[in-house]
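Note sheet for the following structure.
Since every read-out is calculated from the coordinates, none of them should be taken as a lab result. Just so it is clear, the model here is predicted, and its values are computed rather than measured. Glycine gets a Cβ as well: all are built from the backbone with ideal geometry, and neighbour counts include every protein chain shown.
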Amino acid sequence: MKKALVITDFNRGFHNYREGVDEQLHEVFSGLLEIDQERQDIEGISLQDMLSEDCLILYCAPVWDLKADSSFMTDLMDYLVNGGRILLLHIMSFGGTAEGAGVFGGSFRMHPPYNRYRILPAKTNDSILQGVAPFEIEDELHLLHMSQLLDKKVLLYGTDVKRRKHAAGPVPYQDIYAREGGLLVPLSWYYTFGKGKVVYACPGHNAQSFQEQIYVRFLRNCMEWLLTGGQEGGLK
Amino acid sequence: MGKVLAVYNTEKDVRAGGILREIFKEYKNEQERDEIAVIEISPEELEEELKRSAGDKPEEKGSYERFFEYKAVILFSKITPGTEFVSAIFTYVTRGGSLLLIHEGLRMSTRHEILLLQGAKLEWTGPAGELDYWVDEKNEGWTGGERLYTVWDEPYYLDMDVCGGTQIFMKLTYGGMQYPAAWQRKWCRGTVTCLTPGITESSRELYRILIGYVLRSLVGREEKS
């Protein structure tokens, strides 16, 4: 059985991994991989710790204050480009540095309130989206400043559930998320990086997000893609 | 100062390689008065060497340590880098290495790993002509007060990364507009320097200045570390 290390936070008042997300993630990936370690001591996680796993799952990992030349950041970049596999869930917490924002897809900009949203898969035949139909989810969906140099392929888009038309006003995200027939917000993407692979998926505000069955199917597809070959070399 | 590694198309870019080699030979390190040895290799040879290196030591995850014997790695040809090379150079810079990308070395746009390091993507090149390269006022100290260099060259226009972290120290005036022509950026523990002018007889003097700037910044970094 493949193994994963979850890097997260157990103490924070919001997005706390121990408030049911842990149990849900074990269930989401059951049969595919075993989550054998869950850690929040970011600066204590070494490259060797990363290399001893088949995949890293970062769930709202508190890395936003880390400098780009910190041990964790340089080890993570090293791990990834030399064959590491990373699933980044919900918060794009690497946006505090140009390096993190560039390599993982962007930096946090804003989010509309927790709400019910409609998620649309990208129009592609990629097997990673096999069986993934449009679905609705209660969540807090994040808008990012996107990294334009990263060659990523968008998998999911978000839109307002009723495609309501809001007047552009003092709350800018209403216009972005809910303009009738307007913009779709990229919420998930995947790409290879050197010999490594990354998937970012935004839905995951709390444990309930991981009970939506189509989203579970999507995450399992993503994990299968992460864990299988596809790149030259690789760690193992 | 030690050795730098020049990776380029050793068949096509012979003249540029020769000019660069001469400039390095002439340049004396201000601290140690040592000459700088330039080691040259084609990207294909390097890719093969890195693959062999990784293959010899399967228990080790990468072959980037090959680069750490060099003070800097220089790329100035339009090449198609392999995955082994991309992974190795990315790790080298992340771990503290210095990468110098010159002119066509900035055209490896098929690999986003390299684009992220350089912090920009080439959008277009214009027809060759007499071009004015300007050194920013705050950087004129390292050019001895000289601020304008006119050379026969091909203008490059690059889309700069909005994620930031880039210090532009030279600009190109073209069609009444100013464009970034040389910049340096930190990447984790390393440094990436990008120079858009081509290496030609016309730009030889400019390159003597630019290489001096790059080497001084490397020496400064060594002193800090």
Hey, got the average number of other protein chain Cβ atoms within 10 angstrom for residues in B:80-88? 4
Could you line up A:D65, A:D49, A:D9, A:D139 from fewest to most neighbouring Cβ atoms inside 10 Å? A:D65, A:D49, A:D9, A:D139
Can you compute the equivalent ellipsoid semi-axes for chain A, i.e. the square root of 5 times each eigenvalue of the Cα gyration tensor, sorted largest first and rounded to whole Å? 28, 19, 18
Averaging sequence separations of C-alpha pairs under 8 Å and six or more residues apart, then dividing by the length of the stretch B:153-194, give the relative contact order as a whole percent. 31 percent
Can you tell me the orientation of helix A:71-81 relative to chain A, as the angle in degrees between its alpha-carbon axis and the longest Cα principal axis, to the nearest 10? 90 degrees
Peptide B:177-190 - average C-beta neighbours from other chains (10 Å radius): 3
Taking the Cβ of each residue in B:V93, B:V14 as the centre, tally the other Cβ atoms inside 10 Å and list the residues starting with the fewest. B:V14, B:V93
Tell me, what is the percent relative contact order of chain A, built from C-alpha pairs under 8 Å that lie six or more residues apart? 22 percent
Through the Karplus equation 6.51 cos²θ - 1.76 cosθ + 1.60, θ set to phi - 60°, convert the phi angles of the stretch B:92-97 into ³J(HN,Hα) values in whole Hz; use x for Gly and Pro. 4, 5, 4, 8, x, x
Cβ neighbours within 10 Å from other chains - mean over A:143-152: 5
Could you please state, rounded to a whole Å, how far the C-alpha centre of the stretch A:79-121 is from the C-alpha centre of the stretch B:114-138? 30 Å
Taking the 0 to 90 degree range and rounding to the nearest ten, how far is the long axis of helix A:213-227 tilted relative to the main principal axis of chain A, both from C-alpha atoms? 30 degrees
